[in-house]
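The values are calculated or read from the model by the stated rules, or taken from the named source; none is laboratory data. Quick caveat, the model's predicted, so the values are computed rather than measured. Ideal geometry is used to build each Cβ from the backbone, glycine not excepted, and the neighbour counts take in all protein chains shown. When the accessible area is computed, the model is the full protein with side chains, heavy atoms only, and any ligands, DNA or RNA have been set aside. Shrake-Rupley method; radii C 1.70, N 1.55, O 1.52, S 1.80 Å.
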Amino acid sequence: MLDRLLRLYWTVKRKTRLVRFFNGLNYLGRPGKVFFPVELIDQGLELILSGLNNTLAIQCNLDWVWPWWVEQQQNPAKESFIPTGINLVTTNLSQRNWCSIGVYGSCHESMVDPVGMLTLHPFGWSLLPYLRLEQQLYLPPTLSQAVRQSLLHEDLPVIITHYPIDNSPLQWQTTLRALEIDGEELIEMTQQCHNRGTTPLTITLGFSIRPYNALTVGHIHSIGYKKRLWRVNGHAAVLFLSEPNRHSVSGRQGGDPIYYPTPQSYPRHASRSGIAAGISEYDLSLNGGERVEITALGMVHKRSRRANNQFRNLHLDSLKRARERDLALRQQWRERGMMLQLPDASWQRLFYALKNHLPVFDDGSHFSPGTFFYHSHWFRDSSFIATAFDCLGLGEVVEPKFTDYLRRQTPSGFFRSQNGEWDSNGQAMVAMVNHCRRYGKTALLTRLLPALLKGARWIERMRLPLQEGSAKPPHAGLLPAGFSAEHFGPNDHYYWDNFWSLAGLEAVVWATTTLNHPKRRHYEQLLSEYRSVVEASMQLSLQRTMGGVLPCSPYRRIDSAAIGNLVAISPLGLFPPDSDWVGATTDYLWQNNLSQGLFYQKIIHTGLNVYLSVQLARVMLLRQDWRWLEIMAAIQSHASPLYTWPEAIHPATGGGCMGDGDHGWATADVLMLLRTALVTEEQQQLWLAIGVPIGWYGEGMRLSLNHAPTQAGWLDFAIEQHEKERVKVSWKLTPHPLATPMPLLLHLPRYLSATEGLTLGESFDPNYQRLQLPSPEGSLYLQADEDKKSH
């Protein structure tokens, strides 16, 4: 009805070109039940309104200090420069990067940008450190030399930012960590200075509350200071542990208080535009060799309902105890679940940094793929993140999410994230069943079964009529056209949706068989018939496009959206990795979509996409196509120093250009890529070490994996080479109540000779062999043949 009214209105107003543009949007894709997910409209409005706010606020206050992304994007001398004019919406399209931190077990996360600016809440104001040294002002967003960031002990989520100071013995850095003290969730920002010279130095350390963040204006409508506490918009905001020397506030008319301070005893300011700021400064003198620390505490969330009597329990002693507790919790998390020891130190650091970072995407009742722009629930992202937690032996985090899954299921059986996205049923069903399979949860599977059956019936009803005769369309029997995973294009009958639904039905068949449900035969027949329909449509598409490359739908030509088809190989395992279309499809994507070693998505999510790169790399890995190592190297080189990635990377600037600047799906998928290289369930077999590079083997090599949950049970295995020509392999598979018996197939270089009597097989790479381990537990020695190795 609305679309007809719009067409009539524009026609009466003689704006027929708007009708043409509107019709074009309506008909560029396949006809579908839902033109566009209405849930995305609010997100689109956020982008437009915040972008207009950005444009007017920034361009009318150019003498203010703006965040790092603005300083880069507004500077015509920088690669990040983006002009405005026709594009009135200013948004971060070049340096969309941050790292998320939060109290362990909390659903509240804060963001730290690449120069150490702290944003406590999504779309909120920020806290910026700065320094004056001998009257010279050092502002992190405008420093000419590169700021460096690192993690505590290389992989723990405490962020240290190092600031360069030209021709000075002064060392300046900030440390940011999430803490809980007396029921308050806080972010500690500690500025640290060290005079490494012999001459005394006079410095001023400043903290400024800023009306912006890493994406938008962060409106400050009221700000005031009293008794070591800043209040912003009526809420406690920043507490200092010692009284600063001066404070100042200002709004648009008064200018930036960093440049134009007007010291006041109890500064206050109100702003209707939201453009206001405050500063607190400490004057210090450092003798040679002296160090100093000044701490500010940002208020994130009050867990306890009882009053804190003006934060009387927040002091240096309680801060020290909170740091110790947090460090102990982080180290305990590091040692929980699956543990790795790898010959490549960079891979080992990556694994533990990501494992320690993964909890920020756990919001208690659900997983969220981001902490800022994507701080919400989608079944798609949740499925990938849940799989990572599960496969790392951290399943206790996953199980509570299924309560929310059931709450979100509609009476019709639809696991709804957004209407018009039909992949979510399969994703929810696969996540629930795989969790039960990996952890032997029979009682949980029984409790989830009614929802799984409702989900299966929804798939059955949603599929389009098969139709008979020669006029049968290519999409007959598939799901309706939908918007799907958003990075494929307009509405279409995407194979991605159907692959997930097939996997969901496979999960239901396994569940009904395991629980001896009376209707298991019905679901087996449904799965068989649906699979034959999907395969027939795939064959038609392969005949139409020729060259063996599978397009993303029966109606599209070959393009970068074909990346979505690889999900059928991994993680879903619907087809073996050596299926005819898989090699041609991976070759096409490699030749046409690789840039700087990463997958470049040309549709909607334009940019270098780490999570899509992993989809390509995982399938190549399973085929022992060692080009996947080039993708792995590019993933590492494009990571931030804090081991995070945005959803898409700008090829020219190397910074984020869309989505969340700390992408949970990417974090989860890189962890799964590392796990797949060592162990993966594939075609009812347990494959070990299929992705271990031949260069890792050598005297002194040690590779181990412990406490890894699999569908066959809990796995421990190790490969050690203590001598030049002798390799020891040891393993132990401990089954659980729902474990599926699987042969253990170890992939090894061909120059290693196995003990006589063991079953050998061909691997995908002719330089490798496949060795079937003889029992669930044991060890054996392999002898290196130097002649074969040299060849």
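Miscellaneous remarks
- Here residue 617 does not qualify as at pLDDT 95 or above, under 30 Å from residue 160 (Cβ atoms) and more than 16 Å from the chain's Cα centre (by Cα).
- Flag for residue 142 being buried (at least 19 other Cβ atoms within 10 Å of the Cβ), β-branched (Val, Ile, Thr) and either outside the structural domain of residue 643 (by the TED database) or within 20 Å of residue 330 (Cα to Cα) (or both): no
- Unmet criterion (only one of (1) open to solvent by less than 10 Å² (accessible area, probe 1.4 Å); (2) modelled with pLDDT of 95 or more; (3) farther than 22 Å from residue 409 by Cα) for residue 440: (1)
- Any chance residue 269 is free of Cβ contacts under 8 Å to residues at least 60 places away in the same chain, touching a strand residue (DSSP E or B) at 6+ places or on another chain (Cβ under 7 Å), in a strand (DSSP E or B) and open to solvent by 40 Å² or more (accessible area, probe 1.4 Å): yes
- Those strands (runs of 3 or more DSSP E) of the range 702-749 in which at least 2 residues are open to solvent by 30 Å² or more (accessible area, probe 1.4 Å) and not assigned by the TED database to the domain that holds residue 513, considering only elements entirely within it, cover 713-723, 726-734.
- Screening residue 109 with (1) open to solvent by less than 10 Å² (accessible area, probe 1.4 Å); (2) more than 24 Å from residue 223 (Cβ to Cβ); (3) charged (D, E, K, R) gives one miss only, at (2).
- Conditions (1) under 20 Å from the mean Cα position of the chain (by Cα); (2) surrounded by fewer than 24 Cβ atoms within 10 Å (Cβ to Cβ): number failed by residue 416: (1)
- Check on residue 177, out of contact with any Pro (no Cβ under 7 Å at 6 or more places or on another chain), open to solvent by less than 30 Å² (accessible area, probe 1.4 Å), of a type in the set (Lys, Arg) and modelled with pLDDT of 95 or more: no
- Contact map, the range 695-716: residues that are closer than 23 Å to residue 387 by Cα and modelled with pLDDT of 95 or more paired with residues that are in a loop (DSSP other than H, G, I, E, B) and among the hydroxyl-bearing types (Ser, Thr, Tyr), Cβ distance under 7 Å, separation 6+ or inter-chain. Pairs shown: 711/740; 712/740.
- Matching entry among 369, 400 (being surrounded by 19 or more Cβ atoms within 10 Å (Cβ to Cβ) and in contact with a Ser or Thr (Cβ under 9 Å, 6 or more places away or on another chain)): 369
- Set 453, 466, 449, 478: member being surrounded by 15 or more Cβ atoms within 10 Å (Cβ to Cβ) and either in contact with a Lys or Arg (Cβ under 7 Å, 6 or more places away or on another chain) or more than 27 Å from residue 738 (Cα to Cα) (or both): 478
- Filtering the range 612-629 to residues that are basic (Lys, Arg) and assigned to a loop (DSSP other than H, G, I, E, B) leaves 623, 627.
- Here residue 690 clears all of (1) in contact with a helix residue (DSSP H, G or I) (Cβ under 9 Å, 6 or more places away or on another chain); (2) surrounded by 14 or more Cβ atoms within 10 Å (Cβ to Cβ); (3) farther than 26 Å from residue 617 by Cα except the condition numbered (3).
- Residues (touching a helix residue (DSSP H, G or I) at 6+ places or on another chain (Cβ under 9 Å) and under 28 Å from residue 60 (Cα atoms)) located in the range 223-281: 252, 273, 274, 275
- Listed conditions (1) open to solvent by 10 Å² or more (accessible area, probe 1.4 Å); (2) under 33 Å from the mean Cα position of the chain (by Cα); (3) of a type outside the set (Asp, Glu) are all met by residue 199, apart from (2).
- For the residues 55, 84, 90, the requirement of being modelled with pLDDT of 85 or more, over 28 Å from the mean Cα position of the chain (by Cα) and surrounded by 14 or more Cβ atoms within 10 Å (Cβ to Cβ) singles out 55.
- Residues (of a type in the set (A, V, I, L, M, F, W, C), open to solvent by 50 Å² or more (accessible area, probe 1.4 Å) and touching a residue at least 24 places away in the same chain (Cβ under 8 Å)) located in the range 340-350: none
- The set of residues in the range 239-266 being touching a residue at least 60 places away in the same chain (Cβ under 8 Å) and in a strand (DSSP E or B) consists of 239 alone.
- Among the residues of the range 568-590, those identified as under 24 Å from residue 647 (Cβ atoms) and open to solvent by 30 Å² or more (accessible area, probe 1.4 Å) are 571, 588, 590.
- Residue match in the range 230-253 (condition: in contact with a His (Cβ under 7 Å, 6 or more places away or on another chain) and under 24 Å from residue 107 (Cβ atoms)): yes
- Any pair with Cβ under 9 angstrom, 6 or more apart, that starts in the range 513-529 at a residue that is assigned by the TED database to the domain that holds residue 499 and among the β-branched types (Val, Ile, Thr) and ends at one that is open to solvent by less than 60 Å² (accessible area, probe 1.4 Å) and outside any helix (DSSP H, G or I): 514/738
- Failed item in (1) open to solvent by less than 50 Å² (accessible area, probe 1.4 Å); (2) part of a helix (DSSP H, G or I), with residue 605 passing the rest: (2)
- Taking the listed residues 504, 489, the one that is assigned by the TED database to the domain that holds residue 658 and surrounded by 23 or more Cβ atoms within 10 Å (Cβ to Cβ) is 504, with no other qualifying.
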